[in-house]
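Below is one structure, written out as structure tokens; comments come after it.
The values are calculated or read from the model by the stated rules, or taken from the named source; none is laboratory data. If you're wondering where the values come from, they're calculated on a predicted model, not measured in any experiment. Neighbour counts are summed over all protein chains in view; Cβ atoms, including those assigned to glycine, are modelled from backbone coordinates with ideal geometry.
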Amino acid sequence: MNQFERVKAAVTLRQAAETYGLTVSRNGMTCCPFHEDKHPSLKLNEDYFFCFGCGASGDVIDFTARLFGISPKDATEKLVADFGISVDAKPVAVRRNPSRLEELRCRRALTDYLHLLKEWKTQYAPKTPEDSLDDRFVESCQQYDRIAGLLEMLDEASSTQRSHTVSALTADGSVAFWEGVVAENRKEAGYRAKEPTIA
């Protein structure tokens, strides 16, 4: 488990929001701090948020970063400090020189997963605060910004940084996980397409 995951496991969005000055109702609604909001439109679940007014969404790290105008890394460090989270863990052993093929595989997995998250975020978005939340929508809220950031980093990073990132993502199983999610979704879509239509 990396530092981001440890922080998200340790702090709920409600805890962060209330610590940072927001008043949250019993059902997890609060006025959104990211736009002018007179009636509560921000829904805080245990590990992700979604605003029915401006569409802002993400996890507790995204929330903190946006609230204070800081980077996700700085937001993570702020949460660690503010909530006294222990971040001691053995780092994952990674190879420093992944092949070009591994980098291409990583980029493809990230790109395919990002496109899938984008589809889910639109297709399965709740229409009202009372709607039950689809797991795919929840996953898109939690993962979209992180995956987009990883792709952007791979485009802009030095070859050394890219090699380290690709190695780490391959070693901790992330690449295989993204490939599996995309493959499973395509399989389900294929099954749906083959279902007979009733006239």
| Out of all the residues in the stretch 140-152, is one or more small (Gly, Ala, Ser) and either in the same structural domain as Arg26 (by TED's automatic domain parsing) or more than 12 Å from the chain's Cα centre (by Cα) (or both)? | no
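Table: residues versus (1) outside any helix (DSSP H, G or I); (2) free of Cβ contacts under 8 Å to residues at least 60 places away in the same chain; (3) aromatic (Phe, Trp, Tyr); (4) surrounded by fewer than 18 Cβ atoms within 10 Å (Cβ to Cβ).
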| position | (1), (2), (3), (4) |
| --- | --- |
| Lys8 | no, yes, no, no |
| Ser25 | yes, yes, no, yes |
| Leu67 | no, yes, no, yes |
| Lys73 | no, yes, no, yes |
| query | Before we move on, is Ser158 more than 14 Å from Phe49 (Cα to Cα), modelled with pLDDT under 85 and either among the small types (Gly, Ala, Ser) or touching a helix residue (DSSP H, G or I) at 6+ places or on another chain (Cβ under 6 Å) (or both)? | reply | yes
| query | Of everything in the stretch 38-60 that's among the small types (Gly, Ala, Ser) and over 18 Å from Ala75 (Cβ atoms), which residue is surrounded by the most Cβ atoms within 10 Å (Cβ to Cβ)? | reply | Ser41
| task | Output yes when any residue across the stretch 148-159 is outside any helix (DSSP H, G or I) and under 29 Å from Pro40 (Cα atoms), and no when none is. | result | no
